[in-house]
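Report on the following structure.
Readers should treat all values here as calculations from the given coordinates under stated rules, not as data from a laboratory. Note that the structure is a prediction, hence the values are computed from the model and not measured. Cβ atoms come from the backbone with ideal geometry, glycine included; neighbour counts cover every protein chain shown.
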């Protein structure tokens, strides 16, 4: 009798995807427009323009900027455009939303750019636990991206995978 320990998972041909591997690896800094408003709530065009001109945008150099307003107030769309025009020359990218929203946008972008051919006819497990928080939109995106390429798609770990999709052709 052979007492050799065999790693059946390694021999199974399973491919494990950790969504954390697709997380954006960039520094995202927020620009809160409330800081440029009169009393944090009212946009006075002349004052708004002047405060943007005086603001030191160098902290955003080669970073991703997330432009939003944390106060509940009415801000015209041109105010976001004006802020973006100041940021665009110095940042790597400018997006609307707070830091978390922009992080999720970039994360989704990375997943949407996966080449599904790399997983053609393979058994794929998408890890359920990750080093970073992964929301349901990311799991939906990876499912839609891979479903028509893989032979099977599972969620979890090899020892306790939950079947999600199996190609029956």
- Could you work out the relative contact order of the range 28-91, using alpha carbon pairs under 8 angstrom and six or more residues apart, expressed as a whole percent? 43
- Task: For the chain, set up a Gaussian network in which alpha carbons nearer than 10 Å are linked by springs, and say which option among 152, 130, 92 fluctuates the most.
- Result: 130
- Item | Theoretical FRET efficiency, 1/(1+(r/R0)^6), r = Cβ-Cβ of residue 147 and residue 92, R0 35 Å, to 0.05 | 0.60
- With springs only between Cα atoms under 10 Å, which of 147, 127, 53 fluctuates most in a Gaussian network model of the chain? 53
- Message: Contact order normalised by length for the chain, with contacts defined as Cα pairs under 8 Å and 6 or more residues apart; what percent is it?
- Response: 24
- For the residue pair residue 122 and residue 16, what label-to-label distance in nm results when each label sits 7 Å from Cα along the Cα-to-beta-carbon direction? 1.4
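What order, most packed first, do the peptides 161-169, 30-38 have when packing is the mean number of other Cβ atoms within 10 Å of each residue?
With the highest mean Cβ count within 10 Å placed first, the list reads 30-38, 161-169.
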- Message: With viscosity set to 0.890 mPa s at 25 °C, what whole-number translational diffusion coefficient in µm²/s follows for the chain from Stokes-Einstein and a Kirkwood radius over Cα pairs?
- Response: 128
- Note on the structure: Taking Cα atoms, the helix 77-88 axis meets the longest principal axis of the chain at an angle in degrees (rounded to 10) of 70
- Query: Hey, quick one: spin label on residue 59, modelled 7 Å out along Cα-Cβ, who in the range 84-125 has an amide N within reach, i.e. under 20 Å?
  - Reply: 84-103
- Note on the structure: Scaled by the rule-of-thumb 2.2 N^0.38 Å, the alpha carbon Rg for the range 100-169 gives a ratio of 1.13
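Could you give the alpha-carbon Rg of the range 28-91 over 2.2 N^0.38 Å, rounded to two decimals?
Normalised Rg, Cα atoms only: 1.04.
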